[in-house]
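Enquirer: Pasting a structure here, questions to come.
The values are calculated or read from the model by the stated rules, or taken from the named source; none is laboratory data. Here the structure is a predicted model, which is why all the values come from computation and not from measurement. Cβ coordinates were reconstructed from backbone atoms using ideal geometry, including for glycine residues, and neighbour counts include every protein chain displayed. The protein model used for the area step is the full one, side chains on, heavy atoms only, and it has no ligands, DNA or RNA in it. Shrake-Rupley method; radii C 1.70, N 1.55, O 1.52, S 1.80 Å.
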Amino acid sequence: MKKRLVIVGLGLIGGSLAKALRGFEDYEIIGVDVSQPTLRYAMEQDIVDRAEADPVRALAEGDLVFLCLHPQGIVEFMTEHRDHFRPGSMVTDVCGVKGAILKGAGELPDTVSFVGGHPMAGTEFSGIQHALANMFHGAHYILTPNNQSSPEHLALMDRLARYIGCADVVQTTAERHDAIIAYTSQMMHVIAVSVCDDPSLFDYQGFEGDSFRGCTRVAALDVPLWTQLFSMNAEALGRALEQLEENIRQYRQAIQSGDLEVLSEKLARSSARKRKMNRMEASSGAVGRDRWEGSRDGATTSES
């Protein structure tokens, strides 16, 4: 009997997953979305095998279900449809926060296996029209299993991540994931939007260098999505921002006081740390991959 993979939410990530998973282990791909234009586009462009507006009907058939909604939407969907998932099915998500999602997954019945997931890829665009089949090439795929995650389904996610081109598959805790994402992703978005809050933004337009464009690229973000991502990871993101504020304060004081010795020491240290990271990336093929192995929270890495 043909297996069925259900993708709930055909936006940028859901649409990209549908494209990337074409041909994976002979799954039939069913796309679910509330938008009829999105469903029509998905069928016209051959992104999915079937388009379904009724999630209840799709969930009853799904062997593997991807929840590709906004974070709060995922939590609400699991609560609303807890009794509609096919017994024995596996459910996963693609959300950039994991603590809140795993807590919400506690609403699912024991007949369903849940594996928290986060393919670390994306663009500043949104919508299925911007979906890319190669979106996940070279990306980390982070899994946050819990007592609802069966070994069989963890192995399935490992195969799936490799099929879509991910550089590696990492298992860790929800807490560790959220701390990492707060630092490596969410804080960078806060920096980008903060730079764009400066009153001089439009006065200096036309004089931007590559560093400015690189820093602010992600500021043109999806506001509802990032409002939820920031607020649902407030504790970890708050800690990261407090450390950033302290680091900036030290640089400001050294600059304003004219203390060239302190400034030079700080610049040299930061520059050396970045060069070390560059060497790690070059040697491992994925930034910081070796740091996952043997970490104190028991995280492991599957090397590709």
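Enquirer: Here are Q243, Q256, Q250: which of them is open to solvent by less than 80 Å² (accessible area, probe 1.4 Å) and at pLDDT 95 or above?
Expert: Testing whether each residue is open to solvent by less than 80 Å² (accessible area, probe 1.4 Å) and at pLDDT 95 or above leaves just Q250.
Enquirer: May I pose another question? Residue by residue through the stretch 56-94, note down the ones that are touching a Ser or Thr at 6+ places or on another chain (Cβ under 6 Å) and either of a type in the set (D, E, K, R) or over 14 Å from V112 (Cα atoms) (or both).
Expert: Scanning the stretch 56-94 gives a single hit, D63.
Enquirer: Can you tell which of G127, G106, G117 is open to solvent by 50 Å² or more (accessible area, probe 1.4 Å) and under 22 Å from the mean Cα position of the chain (by Cα)?
Expert: Selected residue: G106, the only one of G127, G106, G117 that is open to solvent by 50 Å² or more (accessible area, probe 1.4 Å) and under 22 Å from the mean Cα position of the chain (by Cα).
Enquirer: Do you know which residues across the stretch 102-120 are among the hydrophobic types (A, V, I, L, M, F, W, C) and without any contact (Cβ under 8 Å) to a residue 60 or more places away in the chain?
Expert: A105, L108, V112, F114, V115
Enquirer: Can you find, within the stretch 209-227, the residue that is nearest to I74 (Cα to Cα) among those that are of a type outside the set (V, I, T), free of Cβ contacts under 8 Å to residues at least 60 places away in the same chain and open to solvent by 60 Å² or more (accessible area, probe 1.4 Å)?
Expert: The selected residue is R213.
Enquirer: Could you check the stretch 1-44 and list, in sequence order, the residues that are open to solvent by 60 Å² or more (accessible area, probe 1.4 Å), touching a residue at least 40 places away in the same chain (Cβ under 8 Å) and assigned to a loop (DSSP other than H, G, I, E, B)?
Expert: K3, R22
Enquirer: Moving on. Which residue, of K266, K276, is assigned to a helix (DSSP H, G or I), in contact with a Phe, Trp or Tyr (Cβ under 7 Å, 6 or more places away or on another chain) and without any contact (Cβ under 8 Å) to a residue 24 or more places away in the chain?
Expert: Sole residue among the options that is assigned to a helix (DSSP H, G or I), in contact with a Phe, Trp or Tyr (Cβ under 7 Å, 6 or more places away or on another chain) and without any contact (Cβ under 8 Å) to a residue 24 or more places away in the chain: K266.
Enquirer: Now, a different point. Residues of the stretch 171-208 being in a loop (DSSP other than H, G, I, E, B), open to solvent by less than 70 Å² (accessible area, probe 1.4 Å) and either without any contact (Cβ under 8 Å) to a residue 40 or more places away in the chain or charged (D, E, K, R) (or both), which ones?
Expert: If the condition is that a residue be in a loop (DSSP other than H, G, I, E, B), open to solvent by less than 70 Å² (accessible area, probe 1.4 Å) and either without any contact (Cβ under 8 Å) to a residue 40 or more places away in the chain or charged (D, E, K, R) (or both), then S200, L201, G206, E208 are the ones that fit.
Enquirer: Only residues that are over 27 Å from the mean Cα position of the chain (by Cα) and either among the polar types (S, T, N, Q) or assigned to a loop (DSSP other than H, G, I, E, B) (or both): list them for the stretch 215-261, please.
Expert: Within the stretch 215-261, Q250, Q253, Q256, S257, G258, D259 meet the criteria.
Enquirer: Additional query: Taking the stretch 133-150, which residues are modelled with pLDDT of 90 or more and either buried (at least 22 other Cβ atoms within 10 Å of the Cβ) or within 26 Å of P87 (Cα to Cα) (or both)?
Expert: F136, H140, Y141, I142, L143, T144, P145 - these are the residues of the stretch 133-150 that are modelled with pLDDT of 90 or more and either buried (at least 22 other Cβ atoms within 10 Å of the Cβ) or within 26 Å of P87 (Cα to Cα) (or both).
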